1. Looking at A:7, A:73, A:85, which one is touching a Lys or Arg at 6+ places or on another chain (Cβ under 7 Å) and among the acidic types (Asp, Glu)?
2. Hey, could you check segment A:37-65 for residues that are exposed (fewer than 14 other Cβ atoms within 10 Å of the Cβ) and near DNA strand C (Cβ under 9 Å from one of its atoms) and say which is farthest from residue A:77 (Cα to Cα)?
3. Return the residue satisfying two criteria in turn: it lies in segment A:66-109 and is over 14 Å from residue A:17 (Cβ atoms) and aromatic (Phe, Trp, Tyr), and of such residues it is surrounded by the fewest Cβ atoms within 10 Å (Cβ to Cβ).
4. Applying the selection to segment A:46-67, what residues are modelled with pLDDT of 90 or more and either out of contact with any Ser or Thr (no Cβ under 7 Å at 6 or more places or on another chain) or within 16 Å of residue A:14 (Cα to Cα) (or both)?
5. Residue A:24 - would you say it is under 10 Å from the mean Cα position of the chain (by Cα) and within 11 Å of DNA strand C (Cβ to nearest atom)?
6. Would you confirm whether or not segment A:57-75 contains a residue that is closer than 22 Å to residue A:106 by Cβ and in a helix (DSSP H, G or I)?
7. If I filter segment A:39-47 for residues that are on the phi < 0 side of the Ramachandran plot and assigned to a loop (DSSP other than H, G, I, E, B), do I get at least one hit?
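The values are calculated or read from the model by the stated rules, or taken from the named source; none is laboratory data. Everything quoted here is computed from the prediction, not taken from an experiment. Cβ sites come from the backbone with ideal geometry, for glycine too, and all protein chains shown count toward neighbours.
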Amino acid sequence: MDTNFYEQVYEIVRLIPKGRVTSYGAIAKSLGAAKSSRMVGHAMLYSGLSHPKVPAHRVVNSSGLLTGKFHFEDPNAMQELLEKEGIEVKNDKVVNFKKVFWDPLEEII
DNA sequence: GCATTGACAAGTG
DNA sequence: GCACTTGCCAATG
């Protein structure tokens, strides 16, 4: 695979520090494809097949909701992982999303 | 090659 | 704040 859009997404997600989360829109924007936020989601689907696997559990939608937790091998583990990293998750949603939100642009700089 | 679907986002009512 | 609609692009049948 050449430098595809997915590779870029994987790089960003892998750069997400522990105890932090980001949104699809933020990643898409960082890649200059804010309109193609959906592609980020597709990339996440392939993340399970990609190597190394990316911490997709740190990627949530613009509302901080764990939309794709059911796509994990263990959806329940996703929330556990986030809580383990210090992220408060309530009702499949990141509580202090604003505080744990991590902007990929900060790392791309 | 066309139609449908999808881990989304932003705008409108 | 929630529900509905539009845009955007790729994968699948």
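1. On the way: A:7 fails: touching a Lys or Arg at 6+ places or on another chain (Cβ under 7 Å); A:73 fails: touching a Lys or Arg at 6+ places or on another chain (Cβ under 7 Å).
Result of the check over A:7, A:73, A:85: A:85.
2. Top of the filtered list is A:38.
3. A:70
4. Selection gives A:54, A:55, A:56, A:57, A:58, A:59, A:60, A:63, A:64, A:65, A:66, A:67.
5. Considered against the rule, which asks whether it is under 10 Å from the mean Cα position of the chain (by Cα) and within 11 Å of DNA strand C (Cβ to nearest atom), residue A:24 comes out as yes.
6. Filtering segment A:57-75 for residues closer than 22 Å to residue A:106 by Cβ gives A:57-64.
Now narrow it down to the ones that are in a helix (DSSP H, G or I): A:57-58.
Looking through segment A:57-75, at least one residue is closer than 22 Å to residue A:106 by Cβ and in a helix (DSSP H, G or I).
7. No, every residue in segment A:39-47 fails to be on the phi < 0 side of the Ramachandran plot and assigned to a loop (DSSP other than H, G, I, E, B).
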